[in-house]
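Here's the structure we're looking at; comments come further down.
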Amino acid sequence: MNSSKVCLECGGKMIPARIDKTFHIGDKEIEIRGLSGFKCERCGEVSYNIQDAKMIQNIINALNSNNEVDVLNLEETAEFLRVSNQTVYNMIKDGRLKAHKVGREWRFVKGDILAYMNAYSNESFVAMAAKGGKVDVDDLKAIQNELKERESSGDK
Ligand SMILES: [Zn+2]
């Protein structure tokens, strides 16, 4: 097993760690203790093991999906995914995101958006979403590639 993980933020050494983390979801907070992952000894950046990252995302998805609306318009979808409207158009165009045209307007079913998010499930995406940061599709691709490399190197 390869244990030399490098911090994506500062290039420092990532040390295996148990992590307690508070996630902010809208005006709610949820604290998860004892997550397994790595912590950067230089800047304190954390990354979670894949299984835990997926668990976190499932929890966040479940909490998000309690927010009443099941059908979103384009702006709401962009806001939900924290991307630009143009990115959502691109995602419709190349078939990554299911969309329904009602008159001139696009409508999105929340379940489809969550399915899309699951397809791109990974720790960095979760971390960024939890921080309320912008995630663009190019970032997701880069993250996905990195994740694949990591999985194929047998580092879990
Ligand atoms: Zn670092």
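The values are calculated or read from the model by the stated rules, or taken from the named source; none is laboratory data. Since the model is a prediction, treat every value here as computed from it, not as a measurement. A quick note on method: Cβ atoms are made from the backbone with ideal geometry, for glycine too, and the neighbour counts reach across all protein chains shown. Ligands, DNA and RNA are stripped out before the accessible areas are found, and what is left, the full protein with its side chains, is counted by its heavy atoms. Shrake-Rupley method; radii C 1.70, N 1.55, O 1.52, S 1.80 Å.
Inside region 65-86, residues that are surrounded by fewer than 18 Cβ atoms within 10 Å (Cβ to Cβ) and either within 16 Å of the ligand (Cβ to nearest atom) or of a type in the set (S, T, N, Q) (or both) make up a count of 7. Here is the figure for region 4-48: residues that are open to solvent by 40 Å² or more (accessible area, probe 1.4 Å), over 27 Å from Leu81 (Cα atoms) and more than 16 Å from the ligand (Cβ to nearest atom) total 1. Among strands (runs of 3 or more DSSP E) entirely within region 1-89, having at least 2 residues that are farther than 30 Å from Arg104 by Cα singles out 13-25, 28-40, 46-48. Here Asn122 does not qualify as open to solvent by 50 Å² or more (accessible area, probe 1.4 Å), modelled with pLDDT under 90 and within 10 Å of the chain's Cα centre (by Cα). If you go through region 1-35 and keep only what is over 25 Å from Asn58 (Cα atoms) and modelled with pLDDT under 85, you end up with Met1, Asn2, Ser3, Ser4.
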